[in-house]
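Here the structure is laid out as structure tokens; the discussion comes afterwards.
Read the figures in this text as sums done on the coordinates, not as results from a lab. Predicted model only: the values in this text are computed from it and were never measured. FYI the Cβ positions are ideal-geometry reconstructions off the backbone, even for glycines, and counts take in every protein chain you see.
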Amino acid sequence: MPHPLLRHGADLLVTFPTPAAPACGWPPQRRGRPIASQHQGRAKRTVQNGEEAANLHRGLLDDLERVCGPEAPDTLTTCLHLSRPLTWLDRPGEAVQLMHRAATGRAALLGPWHPLTLEARACLLELPPGPDLDREAPAGPDLVADCRRELGADHPIALSAELNCAGALFNTGQHSEALPSARRALAAHEHRFGTDYPITLAARSLLSSVLHAVGEYREAVEQAEVVREWRERVLGPEHPWTRVIRDKLARYRRSLAEATPPNST
């Protein structure tokens, strides 16, 4: 279930320190910057077309591997960017491989506690590991604690880790454990970004799913209704994410109707 809908990695490459430049030539992350900017800008405009976005990011990844090398910071960041549309296209195996490559590559290049390493580890929580992949990162609650310790509780990566931890618990059937985590994630995102921010809406959508799973149908409907209203207003009624929440809301309303006894006359 791909819940966080936007990522911060491209901006963070500018914010946080990167390794020193090699003895000759430009640093790898600078050589790839013009290519990355061009392709990322085009991909942002194709968010409704997962196949096109995947092709754009795949082309960028090929360029960066050739120009900068397979372990350059921009190459690893593009692995994460490519994993997103692959997740939308229901290709989780490929997505997990790319996330794992980014996480292990950043850990080797930048260290295990660098913000970009923590970001990649948080992404890995979104999907289960493939059959031939051992997840080296700690379990969700441990990763959340790591992010809070290293970055602060209000940092976007720490917030994403909390949200992804809730999603991982939900996806593995640990619904009761997921509920407090999903509530914390929504409250933190709403405080930091506002009600209508895409990741806030994703957090609210996840909370509605958890509430439905634990039988809290009325609140599940209420939370999903807020997401539907904002997505229709901001994205339009035919956007894929609007259609997804509309379908969920219809299911939740049916569950509520079936669980509510008829009024006695």
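Laid out as a table, the results:
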quantity: Estimated distance in nm for a label pair at GLU190 and ASP62, the labels positioned 7 Å out from Cα along Cα-to-Cβ; calculated: 4.6 nm
quantity: For the range 162-223, projected area of the alpha-carbon convex hull averaged over all directions, nm²; calculated: 3.5 nm²
quantity: Alpha-carbon Debye profile of the range 60-119, log10 I(q)/I(0) at 0.26 Å⁻¹; calculated: -1.03
quantity: Simple spin-label estimate for THR172 and GLU52 in nanometres, 7 Å along Cα-Cβ; calculated: 3.8 nm
